Amino acid sequence: MKTVLSGIRPTGNLHLGNYYGALINFLKMQEENNCYFFIADWHSLTTHPDPKMLHVNVKNVLSEYLACGLDPEKATIYIQSDVPEIAELYLLLNMHAYLGELEKTVSFKTKARQNPSNVNAGLLTYPVLMATDILIHNADYVPVGKDQEQHLEMTRNYANRFNHKYGVNFFKQPAAYNFGQELIKIPGLDGSGKMGKSEGNCIYLIDEPKVIEKKVKGALTDNGPEAPNLPKPDYIENLFTILQVVSTPEVVAHYNALWNAGETKWYGSLKKQLSEDIIHATTPIRERINDIKNDEAYLRRVTKVGAEKARESASKTLKGVREIMGFRGE
Ligand code: TRP
């Protein structure tokens with residue numbers, strides 16, 4: 001059984017792109033592997049979030065992931081700051097991370113440019129904290145997006161460097177978890193490409209039916225195909241891509257046939273169908289999110305059990321590292 005680990009920053013709500021692009025795969029992943037899913041609340045501190053919002057954000061993200069089907073019986077689900085062993089290993093690993101390489105990290109350079117008045121040491125060592133998250137459970141695989149690949153590469157470097165320096169074979173080399181063909185990119189409603197929070201083109205899992213209807217209605221269209229069998233422009237293709245994940249093959253075939261026939265005046269019907277099917281797909285999730293958010297006792301239980309399981313695994317690794325680095329055992 002392989003160990004797979006994924007960290008989730010507590011920012012914003014989950015949208016259709018997160019759900020169909022990643023989460024659906026996590027559900028399968030947790031059946032077949034020893035999975036760790038955690039909320040990276042220490043990482044979110046690098047940008048100094050409002051203290052009043054930190055707890056709310058963590059609770060929201062946790063509720064949403066649980067509502068989507070992450071299962072605390074199958075996976076270890078925890079909050080990073082509940083595991084103090086991570087802080088200690090981070091301190092120890094920092095001694096093996098060099099300024100030159102940290103300064104060259106793309107994410108650091110980008111953040112430093114965007115916010116020159118807050119270039120703090122936590123931001124600089126963000127990749128060391130992320131490496132700690134991964135190495136503390138000796139994960140075999142980490143599902144990462146493009147923007148996190150460099151951090152995973154750095155994690156492998158730190159693992160290697162540590163092993164080499166102390167002449168041990170202690171840390172594994174974590175690899176990117178490859179979803180292969182299964183990874184679907186959900187486009188935004190505005191034809192601008194990927195659905196993303198910063199693009200402002202999202203349908204959120206917590207959106208009420210009325211909100212979904214309004215967003216879909218407002219999606220960009222035109223007067224219809226100018227002739228039969230033309231390729232679809234991006235902003236029409238988008239609607240079809242979303243339709244494919246929420247509707248039946250018959251529905252998709254029906255609208256494809258209209259497009260290919262070069263017919264016009266059916267976009268209204270397409271949008272109506274699309275918003276109905278999105279509402280159908282998201283309503284049970286939205287209801288579960290609201291139930292879970294209101295169930296403080298359940299959330300407390302989940303995070304307590306998660307923290308216990310995570311600490312058990314983390315303390316084993318930490319004990320090994322301490323010994324290797326020369327601290328006396330108990
Ligand atoms: N840096 C990741 C992100 O921005 C979140 C994260 C923190 C993470 N620690 C991790 C992801 C460990 C994978 C493994 O999305």
Helices (runs of 4 or more DSSP H) completely within segment 230-321 that count 3 or more residues being assigned by TED's automatic domain parsing to the domain that holds I24 and closer than 30 Å to G167 by Cα: none
Cβ pairs under 6 Å, 6+ apart, first in segment 224-246 and at positive phi, second in a loop (DSSP other than H, G, I, E, B) and not basic (K, R): G224/T264
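This table checks each residue for (1) more than 20 Å from P233 (Cα to Cα); (2) open to solvent by 80 Å² or more (accessible area, probe 1.4 Å).
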| position | (1), (2) |
| --- | --- |
| N260 | no, no |
| K265 | no, yes |
| K293 | yes, no |
| R301 | yes, yes |
Residues that are surrounded by fewer than 21 Cβ atoms within 10 Å (Cβ to Cβ), in contact (Cβ under 8 Å) with a residue 40 or more places away in the chain and not aliphatic (A, V, I, L, M), drawn from segment 20-29: G21, N25
Residue match in segment 181-197 (condition: more than 23 Å from H43 (Cα to Cα), at pLDDT 90 or above, more than 11 Å from the ligand (Cβ to nearest atom) and open to solvent by 70 Å² or more (accessible area, probe 1.4 Å)): no
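Please enumerate the residues belonging to segment 154-169 that are in contact (Cβ under 8 Å) with a residue 60 or more places away in the chain and either touching a Phe, Trp or Tyr at 6+ places or on another chain (Cβ under 6 Å) or in a helix (DSSP H, G or I) (or both). Let's see the steps before the verdict.
Taking segment 154-169 and keeping what is in contact (Cβ under 8 Å) with a residue 60 or more places away in the chain, we get 158, 161-162, 165-166, 168.
Residues satisfying the conditions are Y158, R161, F162, K165, Y166.
Hand me the list of helices (runs of 4 or more DSSP H) wholly inside segment 1-118 holding 3 or more residues that are assigned by TED's automatic domain parsing to the domain that holds L129 and away from the ligand (no atom under 16 Å from the Cβ). Steps first, answer last, please.
Values: elements: 24-32, 41-44, 51-68, 84-94, 99-103, 106-114.
Ranges flagged: 24-32, 51-68, 84-94, 99-103.
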Set V144, V128: member being within 15 Å of the ligand (Cβ to nearest atom), in the same structural domain as A40 (by TED's automatic domain parsing) and part of a helix (DSSP H, G or I): V128
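The values are calculated or read from the model by the stated rules, or taken from the named source; none is laboratory data. Nothing here was measured: the structure is a model prediction, and the numbers come from that model. Neighbour counts are summed over all protein chains in view; Cβ atoms, including those assigned to glycine, are modelled from backbone coordinates with ideal geometry. Note: accessible area is taken over every heavy atom of the protein model, side chains too, but ligands, DNA and RNA are not part of it. Shrake-Rupley method; radii C 1.70, N 1.55, O 1.52, S 1.80 Å.
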